[in-house]
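Working notes, structure below.
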Ligand SMILES: Cc1ncc(C[n+]2csc(CCOP(=O)(O)OP(=O)(O)O)c2C)c(N)n1
Ligand code: SF4
């Protein structure tokens, strides 16, 4: 099994981080994983995205062009990537920034009011975690506990005090799916 | 063994430190900046030296000095910077100074772009500087190989007293993958030829590439060629995947080998007989295996991020005994899995295999 | 009625790619205004560096050549020798001019090459993401001096204007700043004077402009201007290091 993901949004929305958590979480589950960021001139213009591959086999291309799953944190990202998602794939999008999204036949689409939920938790910055929680709930690509463990590795030590907040956001997102 | 996620560039840097490298000289250039930036943080922790040189020309000559003095020395750069280093590299080869040079290649010619590219293959494998010389050139295909090959590179550089190049690219450098890091190695330099101060030696040690007197130059070149032959006989490395029953074999290294692997997995799932041959040493080139496979009647597709450089070595190895096709990208971007898949499919149909 | 403010003719209408608050844009404007004032747009040839200003040829509406990293003064020399009547200027950052291109700038200055150099000193490598530059202040943290510039290990910043002023070749060298309107006006005057020297055939002229890089300094544009004023100017004093009068007297 190979599962390919694109996480995309504005710079500063933390899409690189949720991609890293997916990859790290996959690794902690014993899988082969890659994480690849957009970089350099692509970053100018304010959008950022990363490719994540989680697989039982050695990973081939680290660059995902036909994802199984997409997390889109803003409108331009959804527009750019939604048509590339494989049939049967899943899209989680940030409904706080994307008012309406047309249904894509054959895809599971989940609107998540990430910013609102994050604000309710008292910190707008964890909107990305809400979306990630929902994505994990929808796709089961890694478990919540792997994502939580990954936080300890991926977040720099000086931010570890924020882990409980991040976990709360992941759980809120996950709860949307049930 | 604990796996940690690391960017290719950082995995390489940490791998170098664990292989005993204590001297890094470099100059900033995208997309390899993670290497010097990592070294700037890390070297002081291991009592090593990180020095930002004023240019690539200086950096490579610092390497000449440090390597010639017996230190495990590393420099890294990207294509335009590697071009500037060529004079120094020729001197390093001529004076037989061990060292490791990393090229995180980007698209050229000239200032080019920041995207990944494999268009420095000729420069890496066919000289680049002046004179009859060769570097040993490794092309890592995973972050783990970044770690493993940099260690091997230092060992081989010293074993053969030859500069070694790691030819990577922007994708390999920026991608994060799990790696298992080796233990820190103590390297006790025992290099009787190095300039360390005469210290009781009867004759001074001299690091030099001048061969102006009498038959000197010929003798130096004969010696070098004998060394290169030994390297060709002993140091070829490649990975073969599914080649035994394959009708068509993709030849690719580094980033494109990974894209090809994804495409080949899709094709094999459909029952197509396709395989991958991935050179790990670009010099010495895995000519014997290609020659053998050609004799068995296989056909080849070379996938490269260039107008076709590796393909020339494949054609030479195959020597008219098999058909060699080429698929390349020249815009500093990576071919997609779908593009490579379609290309192979088209070839299989055309070939009536 | 006299026009007091307008868009310089010597600039194209292209929007620059510079970060918000970066002073590269201001200096572009000053150079363009000088070109307009002197009416030399038709005979000016610029040389773009490798650095954040690599795309300068997109922004100036004059002929341009893009040089390899650090080699702009050599390229300028080639151009000037083919077209002695052209007004030739290079526009270079501190990595470009004071690190990799030290040989080229020193020798162009020593030859008294009749060109003008606009030298942007922002104490870091901007384009490549904030590495240490030869002009990085002692103790300043950059991505390749993560513990702060340690002068016992990597030495001291280079004061380019003072260094080049020790040579006999240059005719005019001034260091200016762009941290407030008053200084911007002064900087504009210096740039104009530098071009005038060239037009008068007096030889090498250079204006060092103390500039900001909010992005890689990790500061807001306002804080960056404060840093320029409070930390850079004390180390890099403003002033004229070589003057036309001095040369004229010789
Ligand atoms: C031979 C070579 N080495 C390195 C580089 C990478 N490089 C691009 S711009 C730059 C330095 C930029 O700094 P600076 O000159 O201070 O200008 P700024 O970006 O700050 O305006 C470097 C090292 C290159 N393009 N070519
Ligand atoms: S990186 Fe620095 S010098 Fe470059 S455009 Fe941005 S602020 Fe200006």
**Prompt:** Which value in nm describes the separation of the simple spin-label points at residue C:147 and residue B:155, placed 7 Å from the Cα toward the beta carbon?
**Reply:** 3.1
**Message:** Take residue A:57 and residue C:81, extend 7 Å from each Cα along the Cα→Cβ direction, and tell me the distance between the two endpoints in nm.
**Reply:** 6.1
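Could you calculate the FRET efficiency of residue A:29 with residue B:233 from 1/(1 + (r/R0)^6), where r is the beta carbon distance between them and R0 is 45 Å, rounded to 0.05?
Values: r = 44 Å, r/R0 = 0.97.
Once the sixth-power term is evaluated, E becomes 0.55.
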**Message:** Just want the ordering: B:283, A:35, B:193, from fewest to most Cβ atoms lying within 10 Å of their own Cβ.
**Reply:** B:193, B:283, A:35
**Complete:** Among the Cα-Cα pairs of region B:69-140, the proportion with separation greater than 20 Å, in percent, is 27
**Item:** Zone residues, region B:196-221, relative to residue B:132, backbone N less than 19 Å from point 7 Å out along Cα-to-Cβ
**Value:** B:209-221
**Complete:** Counting only DSSP beta bridges with both partners in region B:224-353, the antiparallel fraction in percent, to the nearest 5, comes to 25
**Fill in**
What the Cα atoms of region B:1-97 span along the principal axes, largest first and in whole Å, is 41, 28, 22
**Asked** How many nm separate the modelled label positions at residue A:99 and residue C:36, each set 7 Å beyond the Cα in the direction of the Cβ?
**Response** 4.1
**Request:** List the relative contact order of region A:2-175 as a percent without decimals, with contacts defined as Cα pairs under 8 Å and 6+ residues apart.
**Result:** 23
**Message:** At a 10 angstrom cut-off on C-beta neighbours, averaged per residue, how do the peptides B:339-350, A:64-75 rank from highest to lowest?
**Reply:** A:64-75, B:339-350
**Request:** As a check on your grasp of the helix formula, calculate [θ] at 222 nm for chain B: sum -39500 (n - 2.57) over DSSP H runs of n ≥ 4, divide by the residue count, round to the nearest 500.
**Result:** -13000 deg cm²/dmol
**Item:** C-alpha long axis of helix B:8-18 to longest principal axis of chain B, angle in °
**Value:** 40
**Item:** Relative contact order of chain B, defined on C-alpha pairs under 8 angstrom at six or more residues apart (%)
**Value:** 18
**Fill in**
Here D for the protein assembly as shown, in µm²/s, from Stokes-Einstein with a Kirkwood Rh over Cα pairs at 20 °C and 1.002 mPa s, works out to 75
**Message:** Ignoring solvent entirely, what values of log10 I(q)/I(0) come out of the Debye formula for chain C at 0.10, 0.11, 0.15, 0.16 Å⁻¹ when each Cα is a single scatterer?
**Reply:** -0.43, -0.52, -1.01, -1.16
**Request:** Calculate the radius of gyration of the Cα atoms of region C:17-91 to one decimal place, then report Dmax, the largest Cα-Cα distance, as a whole number, both in Å.
**Result:** 12.2, 38
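Hey, what number do you get for chain A at 222 nm if only DSSP H runs of n ≥ 4 count, each worth -39500 (n - 2.57), divided across all residues, to the nearest 500?
On the way: 6 runs with 65 residues, N = 178.
That comes out to -11000 deg cm²/dmol.
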**Asked** Roughly what % of Cα-Cα distances in region B:93-172 sit above 14 Å, to the whole percent?
**Response** 61
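Let me make sure I get this right: for region A:2-175, a, b and c are the square roots of the gyration tensor eigenvalues over alpha carbons, sorted descending. Under 1.5 in a/c it's rounded, otherwise prolate if a/b > b/c, else oblate. Which is it?
Rounded is the answer for region A:2-175, as its axis ratio a/c remains below 1.5.
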**Complete:** Between the Cα axis of helix B:254-269 and the main Cα principal axis of chain B, the angle (0 to 90°, nearest 10) is 30
**Asked** Using a Gaussian network for chain B with springs between C-alpha atoms less than 10 Å apart, which of these wobbles most: B:299, B:268, B:278?
**Response** B:268
**Prompt:** Other chains' Cβ within 10 Å of B:165-177 residues: what's the mean?
**Reply:** 4
**Item:** Shielding by partners - mean other protein chain Cβ count within 10 Å, residues of A:52-62
**Value:** 6
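What share of the DSSP beta bridges in the protein assembly as shown is antiparallel, in percent to the nearest 5? Don't skip to the answer; put the middle values down first.
Values: 34 of 105 bridges.
If I count the DSSP bridges inside the protein assembly as shown, around 30 percent turn out antiparallel.
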**Request:** Over all directions, average the projected area of the Cα convex hull of region B:240-351 and note it in nm².
**Result:** 6.2
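For the peptides A:83-89, B:301-307, what is the packing order when you average, over each peptide's residues, the other Cβ atoms within 10 Å and list the highest mean first? Walk me through the intermediate numbers first.
Numbers: A:83-89: 14.1, B:301-307: 23.4.
Highest mean packing first, the order is B:301-307, A:83-89.
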**Fill in**
The Cα extents of region C:198-247 along the principal axes, largest first and rounded to whole Å, are 42, 20, 13
**Message:** Using a Debye calculation, one point per C-alpha and no hydration shell, please list log10 I(q)/I(0) for chain B at q = 0.06, 0.16 Å⁻¹ in order.
**Reply:** -0.22, -1.39
**Request:** Give me B:287, B:199 ranked fewest to most by other Cβ atoms within 10 Å of their Cβ, as a rough exposure proxy.
**Result:** B:199, B:287
**Item:** Neighbour-count ranking [beta-carbon atoms within 10 angstrom, fewest first] of A:54, C:233
**Value:** C:233, A:54
**Request:** Determine the shielding of peptide B:111-120 by partner chains: average, over its residues, the number of Cβ atoms on other chains within 10 angstrom of each Cβ.
**Result:** 2
**Fill in**
Mean separation of Cα contacts under 8 Å (at least 6 apart) over the residue count of region B:269-352, i.e. the relative contact order in percent, is 26
**Complete:** Rounded to the nearest Å, the spacing of the alpha-carbon centers of region B:18-34 and region B:134-186 is 12
**Acute angle (nearest 10 degrees) that the helix B:143-160 long axis makes with the longest principal axis of chain B, alpha-carbon atoms** = 50
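Computed from the coordinates by the stated procedures, all read-outs in this text should not be read as laboratory data. Please read all numbers here as calculations on a predicted model, not as lab measurements. Neighbour counts run over all protein chains shown; Cβ positions are idealised from the backbone, glycine included.
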